[in-house]
1. Criterion first (surrounded by 14 or more Cβ atoms within 10 Å (Cβ to Cβ) and under 27 Å from S181 (Cβ atoms)) does V274 satisfy it?
2. Going through region 179-202 one residue at a time, which ones are free of Cβ contacts under 8 Å to residues at least 60 places away in the same chain and small (G, A, S)?
3. I need every pair where a residue in region 213-236 that is within 16 Å of P270 (Cα to Cα) has its Cβ under 6 Å from the Cβ of a residue that is in a helix (DSSP H, G or I) and of a type in the set (S, T, Y), sequence separation at least 6 or different chains.
Amino acid sequence: MPQKDSMTFFMENYWNSMDWQDWMDDEFANFTGTPPTEEYSPCRIDTETLNKYAVVVIYALVFMLSLLGNALVILVVLYSRVGRSVTDVYLLNLAIADLLFALTLPIWAASKAKGWIFGTPLCKVVSFLKEINFYRRILLLACISVDRYLAIVHATRTMTQKRHWVKFICIGIWALSLILSLPIFIFRKAIKPPYSNPDCYEDLGANTTKWRMVMRVLPQTFGFLLPLLIMLFCYGLTLRTLFEAHMGQKHRAMRVIFAVVLVFLLCWLPYNLVLVADTLMRLRVIKETCERRSDIGRALDATEILGFFHSCLNPLIYAFIGQKFRHGLLKIMAIHGLISKEHLSKDGRPSFVGSSSGNTSTTF
């Protein structure tokens, strides 16, 4: 038997002296939290999957655009009391959700640059806000799809003429989002992993893999899959009805809504698909390798940034596609003397798009 060199002897004793599997089951063992395949061949921990300075610049850009754009959306909807519809109320809540999320971006940007230096209380609060607004956005979009479906396919006035029902629905969305986000608030804390910067992450204690699966399946099911299926069903039937009836005016009224949903899917679908791949790797359905784990870590970081971009894109959709939003914004500027009333008259007041369900047109 050849003699082992001193370095090999030291490393083997070092790994054998540790309860390596228990340590690796901790959420900081690697970026995605997945235990290693080989007990004594752990993958190198690399939490900096993207250039942190580039990420900080992106977060700052999204923060400024989202803050300005969503504030303008809220202002226009609140000024448009006369023609405000059920969908407008949902879009107002959507803008509020995006605005609240944007307010946390400076903190996330700082954590990307220096690690989590803000302690556990702020870790819980900003993570809670991020999770709540993730749920609220897609649940509101699902409600908009149901409202459009009832208004156009069934031509019902039940949901659109009784405004107080919309308030209760929005309150219900808030409550459901709070409940679904509670695990994040409970388990998040500031922790200093070995040989890495402090992080804001879930501390699940014993049975880490089991609890992490629960926390992964929860948002993927209730926060993405079920609302997505509702939207696909409602908009599929709505589009079929519009095309069969040749209602060109309503086609134009639906452009903004379809654009909002499409942009949401483009921003968040990649992230959720990567999460599915990561979940399958955790469950050992997909073979785990160090290279694959690293690739998934980078993909999660990159697609999450794409998802963050969503918070500033809706106002741009309203500005470029929504004629009534532009008119409402110009009207506010004219009232405050920022532009002349002649300029407002040249823009022209777009007519509200009526529907068989009553006041269901959108401000945008």
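Every read-out reported here was derived from the displayed coordinates using simple, explicitly stated rules and does not represent laboratory data. Only a predicted model underlies this, so the values are computations on that prediction, with no experimental measurement involved. Heads up, the Cβs are rebuilt from the backbone with ideal geometry, glycines too, and the neighbour counts pull from every protein chain shown.
1. Answer is yes for this residue.
2. Passing the criteria: only S181.
3. These pairs meet every condition: R216/T279; G223/Y135.
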